[in-house]
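> Next up is a structure, given as structure tokens.
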Amino acid sequence: MRNTCLYFATAATLFQSGLAENIFLIAPDEQSTGTPIAVVWIVGEHYNASQYSSIATAFQEEAAKEGFKAWVAVPNFTFTAPNPAQIDSHVKDAMETISWAGFTGENWFLAGHSLGGVMTQHFLRENANLETPAPFKGQILMSSVLLRNTRSIQQDGSTKFFYPTPTLTIGGTKDGLMRITRIAESYYHQVENITPIQEDMFPISVLEGVSHSDFASGVPPTYVQHHDLLSNVGQETAHAMVGDVITKFVKDVLATGKSTTDAFSAAAMRPFIDAMIQEGSYIMKPPCNNDDMINPTVPYCLKGSPWIQEMAIPLLIGQLQNELISVINEDNFHPAEEVHPYHHPELEGTCPLDGTTACEIKHFSVTQNAYNHLSEFDTGRQDISAYEMRVKMKSSQIIHQSAGEADASFEALDL
């Protein structure tokens with residue numbers, strides 16, 4: 001399929017807006033047929049619009065196979081940095097350029113790479129009722145995610161997004177800036193834990209072997225060169241992969257207003273989700289941290305860490321002399337340093353050493369997960385797992401003594 005790539009930078013445009021340096025347009029061949037669609041594509045930080053020619057063309061070609069005639073416009077920004085001050089005018093200038101080039105339909109989509117995806121979210125939230133020429137029907141985030149401030153946990157424990165636009169999130173497993181773990185966080189909230197009324201509104205697509213720089217062409221910015229991971233597939237293959245998943249999303253949204261997450265992406269996310277569940281990750285839900293020692297079991301907050309609850313006591317105490325005696329731990333999230341109210345580990349029950357029937361001792365532990373504060377900026381590059389789990393437990397000596405081992409030694413068991 002032939003297309004036309006042009007730069008638009010008229011004196012009138014520059015004078016009137018003071019913002020739009022130029023717009024890189026990829027228009028379909030005049031003889032092309034199909035359902036008209038248009039994509040405004042926002043660049044990543046320190047990327048030039050022309051660096052998206054290959055990936056946008058790959059999308060255009062994949063779209064043509066599915067019966068779409070696609071226009072793509074990529075605006076440049078001052079100092080090659082998408083920003084809130086310019087995003088509104090640049091998106092609208094790109095839309096005008098696409099319309100001038102012959103697009104007359106209503107199937108508008110907005111795409112963003114890296115920081116560009118943050119700016120597209122800003123635009124859509126600020127212009128939810130945009131009427132000229134038409135509202136955007138979908139958003140595509142590449143190496144970018146729906147920010148944490150767009151969602152909240154409901155009373156039933158599900159995640160609800162305060163966001164109006166169906167959004168496809170695309171992440172590469174070799175992305176060194178938008179780490180796959182941050183994509184897994186998005187998967188949990190957008191797919192696994194999503195409120196039923198928003199099901200399939202925010203699908204995730206995981207691309208095996210794709211890096212951050214694979215979402216564009218040419219020499220990446222210096223920061224990306226220093227922090228990205230090495231691609232396993234190369235840009236040409238990556239661009240075809242991206243074109244394919246965007247086309248599927250566009251086709252689904254135009255047909256039903258939503259799109260499903262593919263099976264490969266769901267399987268790729270599973271180990272990360274399981275790890276977050278075992279940790280009791282605060283990125284899923286906040287810790288309950290009630291004034292009472294024992295947190296409630298409710299859907300909208302986390303009672304404690306499943307891993308600490310299941311594994312900490314066996315690792316601490318080792319083997320009890322009487323194998324009929326078991327210690328059942330119940331973990332509770334509370335700040336470890338908090339003194340008012342003061343939460344400390346507790347034991348309930350004792351068992352005789354010479355007992356001949358099963359006997360159970362209950363232990364209550366206190367855990368606080370500690371996270372990298374830089375993760376609060378939600379850039380996607382920082383680790384999201386706890387770097388430390390601060391746990392309060394009774395000593396191994398005391399637990400052994402509760403199991404009837406009166407001569408249990410602190411020096412032997414706890415030092």
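The values are calculated or read from the model by the stated rules, or taken from the named source; none is laboratory data. Values in this document were obtained by computation on a predicted structure and should not be read as measured data. Positions of Cβ are backbone-derived with ideal geometry, glycine not excepted, and every protein chain shown enters the neighbour counts.
> List pairs: first in region 393-414 and free of Cβ contacts under 8 Å to residues at least 40 places away in the same chain, second of a type in the set (Ser, Thr, Tyr) and part of a loop (DSSP other than H, G, I, E, B), Cβ under 9 Å, 6+ apart or cross-chain?
GLN397/SER409; GLN401/THR350; PHE410/SER395; ASP414/SER395
> Take ALA56 and decide whether it is buried (at least 24 other Cβ atoms within 10 Å of the Cβ), within 17 Å of PHE215 (Cα to Cα) and either without any contact (Cβ under 8 Å) to a residue 12 or more places away in the chain or of a type in the set (A, V, I, L, M, F, W, C) (or both).
The answer is yes for ALA56.
> Hey, can you tell me all the residues within region 93-104 that are surrounded by 16 or more Cβ atoms within 10 Å (Cβ to Cβ), in contact (Cβ under 8 Å) with a residue 24 or more places away in the chain and not hydroxyl-bearing (Ser, Thr, Tyr)?
ASP93, ALA94, MET95, ILE98, ALA101, PHE103
> Right, something else. Let me spell it out: the conditions are (1) among the basic types (Lys, Arg); (2) closer than 30 Å to PHE59 by Cβ; (3) out of contact with any Pro (no Cβ under 7 Å at 6 or more places or on another chain), and LYS285 meets all of them except one. Which number is the exception?
Here LYS285 meets the rest and fails (2).
> Does any residue in region 343-357 that is of a type in the set (Gly, Ala, Ser) come within less than 8 Å, Cβ to Cβ, of a residue that is in a loop (DSSP other than H, G, I, E, B) six or more places away or on a different chain, and which pairs are these?
Taking only residues 6 or more apart or on different chains, the pairs are GLY355/ASN322; GLY355/LEU324; GLY355/GLY404.
> Same structure, new question: Just to verify a result, which residue in region 1-34, among those that are within 13 Å of HIS90 (Cβ to Cβ) and β-branched (Val, Ile, Thr), is modelled with the highest pLDDT?
Result: ILE23.
> Only one of ASP244, ASP252 is farther than 24 Å from SER211 by Cβ, in the same structural domain as ASN193 (by TED's automatic domain parsing) and not basic (Lys, Arg). Can you tell me which?
From the options ASP244, ASP252, the qualifying one is ASP252.
> I'm told GLN60 meets every condition in (1) closer than 13 Å to ALA27 by Cβ; (2) in contact with a Phe, Trp or Tyr (Cβ under 6 Å, 6 or more places away or on another chain); (3) of a type outside the set (Gly, Ala, Ser) except one. Can you identify the failing condition by its number?
Unmet for GLN60, out of (1) closer than 13 Å to ALA27 by Cβ; (2) in contact with a Phe, Trp or Tyr (Cβ under 6 Å, 6 or more places away or on another chain); (3) of a type outside the set (Gly, Ala, Ser): (2).
> Mind telling me which of the residues ILE42, ILE98, ILE37 ends up being modelled with pLDDT of 95 or more, under 24 Å from GLY234 (Cα atoms) and aliphatic (A, V, I, L, M)?
Within the list ILE42, ILE98, ILE37, the selection yields ILE42.
> A further question follows. Among the residues of region 150-159, is any in the same structural domain as ASP252 (by TED's automatic domain parsing), more than 23 Å from LEU25 (Cβ to Cβ) and in a helix (DSSP H, G or I)?
Scanning region 150-159 turns up at least one residue that is in the same structural domain as ASP252 (by TED's automatic domain parsing), more than 23 Å from LEU25 (Cβ to Cβ) and in a helix (DSSP H, G or I).
> Looking for something outside any loop (DSSP other than H, G, I, E, B), in contact (Cβ under 8 Å) with a residue 40 or more places away in the chain and under 26 Å from the mean Cα position of the chain (by Cα) - is there at least one such residue anywhere in region 308-327?
Yes: one or more hits.
> Moving on to the next point. Kindly provide the set of residues from region 59-90 that are under 25 Å from the mean Cα position of the chain (by Cα) and buried (at least 22 other Cβ atoms within 10 Å of the Cβ), ordered by number.
PHE59, VAL74, PRO82, ILE87
> Considering region 259-280 alone, what residues qualify as being part of a helix (DSSP H, G or I), polar (S, T, N, Q) and buried (at least 16 other Cβ atoms within 10 Å of the Cβ)?
Matches in region 259-280: SER265 only.
> Return the total of residues in region 285-330 being among the charged types (D, E, K, R), out of contact with any Phe, Trp or Tyr (no Cβ under 8 Å at 6 or more places or on another chain) and assigned by TED's automatic domain parsing to the domain that holds SER409.
Count: 2.
> Residues that are without any contact (Cβ under 8 Å) to a residue 40 or more places away in the chain, more than 18 Å from ILE55 (Cβ to Cβ) and aliphatic (A, V, I, L, M), at least 1 per element: which helices (runs of 4 or more DSSP H) completely within region 175-258 meet that?
235-256
> Name the residues in region 357-407 that are of a type in the set (Gly, Ala, Ser) and either crowded, with 21+ Cβ neighbours inside 10 Å or not in a loop (DSSP other than H, G, I, E, B) (or both), would you?
The answer is SER365, ALA370, SER375, GLY380, SER396, SER402, ALA403.
> Scan region 96-130 residue by residue and report those that are β-branched (Val, Ile, Thr) and part of a loop (DSSP other than H, G, I, E, B).
The answer is THR104, and nothing else.
Quick grid of which residues meet (1) modelled with pLDDT of 95 or more; (2) closer than 27 Å to LEU147 by Cα:
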| site | (1), (2) |
| --- | --- |
| LEU374 | no, yes |
| GLY380 | no, yes |
| MET389 | yes, yes |
| ALA406 | yes, no |
